[in-house]
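Okay, structure first, notes after.
The values are calculated or read from the model by the stated rules, or taken from the named source; none is laboratory data. Quantities reported herein were computed from a predicted structural model and do not represent experimental measurements. Here the Cβ is made from the backbone with ideal geometry for all residues, glycine too, and neighbour counts use every protein chain on show. Side chains included, ligands, DNA and RNA excluded: accessible areas come from the protein's heavy atoms. Shrake-Rupley method; radii C 1.70, N 1.55, O 1.52, S 1.80 Å.
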Amino acid sequence: MHLPTVLSVVFAAAGVTAQLNDLAVAAGLKYFGTCGSEGNINSDTTYRNILNNKSEFGQLVPENGQKWDATEPSRGQFTYSSGDIVAGVAKQNGQLLRCHTLVWYSQLPSWVSGGSWNRSTLQSVIETHINNVMGHYKGQCYAWDVVNEAVNDDGTWRPSVFLSTFNTDYFAISFRAAKAADPNTKLYYNDYNLEYNQAKTDRAVELVKIVQAAGAPIDGVGFQGHLIVGSTPSRSALATTLKRFTALGVEVAYTELDIRHSSVPASSSALVTQGNDFANVVGSCLDVAGCVGVTIWGFTDKYSWIPQTFPGQGDALLYNSNFGKKPAWTSVSSVLAAKATNPPPAQTTTLATITTAPPAQTTTTSRPAVSTTSAAAPGGAQQTRWGQCGGIGWSGPTACQSPWTCQVLNPYYSQCL
Ligand code: G3I
């Protein structure tokens with residue numbers, strides 16, 4: 001039986017569909033989401049219909065419409081026509097909205113980046129921008145990316161008009177302004193390549209500490225997750241890195257996940273590796289109590305920023321360019337389903353046939369189980385029909401009650417069928 005069909009049957013019994021957001025919520029996350037591409041929402045019906053599906057995507061992010069160049073292209077001239085597109089879809093469907101982004105060196109109009117500022121005048125510009133944009137979306141955003149990509153990959157501070165004017169003081173200025181504009185949204189620092197736990201990650205940790213030491217509010221750190229097939233850290237390494245931030249008292253999330261192939265078209269084995277990489281990333285979020293959700297940066301290979309930026313690379317998402325679900329979709333749904341059906345106890349399990357690093361099961365959280373189907377039987381616990389009986393990280397029963405047998409659906413999920 002095809003995995004989505006199997007999961008549909010299992011989760012229908014629990015009032016849950018086997019779609020990504022429903023599975024994520026059943027596994028204890030707040031959401032599984034995607035960014036929405038403003039230009040394609042009204043021109044591509046298939047794209048729009050999938051985006052509209054709250055069971056699949058419980059949270060949306062405007063890909064470009066809320067950025068500074070879109071919202072305040074000229075000083076004091078605010079426009080929300082682009083930002084409102086995805087915000088409107090989310091509102092119509094009852095999906096959460098992540099809002100992106102306020103203070104960023106890129107997609108910054110030249111009147112800001114090329115202006116002649118002192119601390120006082122640029123602080124006023126930042127506060128006016130944040131107050132207006134956050135004011136427009138007040139009450140709609142689960143979270144805002146307040147400061148974006150302030151650190152270089154080598155761990156130095158990224159040059160910008162903000163850094164040259166304030167040094168690092170612009171972090172606290174921005175977070176304070178954000179709190180004043182909308183006290184009820186989560187305020188995030190958001191960056192890429194934090195996943196590798198190197199100099200850049202160290203500096204981002206320092207950034208959080210700088211904001212906190214200034215007495216300014218910061219609620220979360222977004223791991224963008226722009227990763228590469230075959231070079232993605234293991235599930236346990238990723239969880240370790242996430243915990244460096246939750247240890248500071250902030251929540252974390254994957255905010256722009258995509259895992260690109262270094263060359264396309266991808267081989268069938270590369271597609272499997274991509275699925276394992278996605279499962280490791282999503283699994284690491286499940287393993288960390290303060291990780292609230294996963295957002296992918298688009299869902300179809302038909303539309304992605306990657307080929308423009310990395311020519312010859314891409315196909316980094318869960319649906320192919322014909323809107324078919326890829327092996328990576330199944331891997332993500334399986335790792336979510338495994339957690340949703342049976343949160344594993346603290347224990348490490350290794351399957352010899354898996355070449356990537358196996359996930360560590362180092363945490364147990366209070367996330368709710370949808371159902372637990374183990375049953376005592378002579379000779380050891382046995383699962384009933386539909387129950388999980390194997391998969392990476394699984395430490396529950398591996399035998400099934402008669403007449404059912406344990407069938408491997410993928411490396412992450414075996415089931416009594
Ligand atoms: O809107 C103009 C359009 O008028 C013009 O005709 C067209 C010509 O190229 O360009 C359009 O703007 C493009 C814009 O996306 C909207 O489609 C820009 O050229 C293009 O550079 C821009 O790319 C976006 C990129 O951020 C800009 O830095 C990508 O769509 C977006 O996915 C990407 O997202 C970023 C996150 O915000 C932050 N983290 C990294 C991530 C990937 O780069």
- Among the residues of the stretch 222-262, how many are more than 17 Å from residue 331 (Cβ to Cβ) and part of a strand (DSSP E or B)? 8
- Query: Can you find a residue in the stretch 332-348 that is modelled with pLDDT of 60 or more and within 23 Å of residue 62 (Cα to Cα)?
  - Reply: yes
- With the condition kept exactly as written, say whether any residue in the stretch 99-106 is over 18 Å from residue 64 (Cβ atoms), of a type outside the set (Val, Ile, Thr) and open to solvent by 40 Å² or more (accessible area, probe 1.4 Å). no
- Query: Does residue 148 satisfy the condition of being open to solvent by 10 Å² or more (accessible area, probe 1.4 Å) and of a type in the set (S, T, N, Q)?
  - Reply: no
- Would the stretch 275-298 turn up any residue that is open to solvent by 50 Å² or more (accessible area, probe 1.4 Å), assigned by TED's automatic domain parsing to the domain that holds residue 30, among the small types (Gly, Ala, Ser) and touching a helix residue (DSSP H, G or I) at 6+ places or on another chain (Cβ under 8 Å)? yes
- Query: How many residues does the stretch 119-139 contain that are open to solvent by less than 60 Å² (accessible area, probe 1.4 Å), closer than 17 Å to residue 80 by Cα and in contact with a helix residue (DSSP H, G or I) (Cβ under 7 Å, 6 or more places away or on another chain)?
  - Reply: 6
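One line per residue, one yes/no per condition, for (1) touching a strand residue (DSSP E or B) at 6+ places or on another chain (Cβ under 9 Å); (2) in a loop (DSSP other than H, G, I, E, B); (3) within 13 Å of the ligand (Cβ to nearest atom):
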{"position": "302", "(1), (2), (3)": "yes, yes, no"}
{"position": "307", "(1), (2), (3)": "yes, no, yes"}
{"position": "312", "(1), (2), (3)": "no, yes, no"}
{"position": "316", "(1), (2), (3)": "yes, yes, yes"}
{"position": "321", "(1), (2), (3)": "yes, yes, no"}
{"position": "330", "(1), (2), (3)": "yes, no, no"}
{"position": "335", "(1), (2), (3)": "yes, no, no"}
{"position": "338", "(1), (2), (3)": "yes, no, no"}
- Message: For the stretch 31-88, give me each residue that is within 15 Å of the ligand (Cβ to nearest atom), in a loop (DSSP other than H, G, I, E, B), open to solvent by less than 30 Å² (accessible area, probe 1.4 Å) and of a type outside the set (D, E, K, R).
- Response: 37, 65, 66
- Query: Looking at the stretch 134-154, which of its residues are of a type in the set (Asp, Glu) and without any contact (Cβ under 8 Å) to a residue 60 or more places away in the chain?
  - Reply: 149, 153, 154
- Within the stretch 208-227, which residues are among the hydrophobic types (A, V, I, L, M, F, W, C) and either over 21 Å from residue 284 (Cβ atoms) or within 16 Å of the ligand (Cβ to nearest atom) (or both)? 210, 211, 213, 214, 216, 218, 221, 223, 227
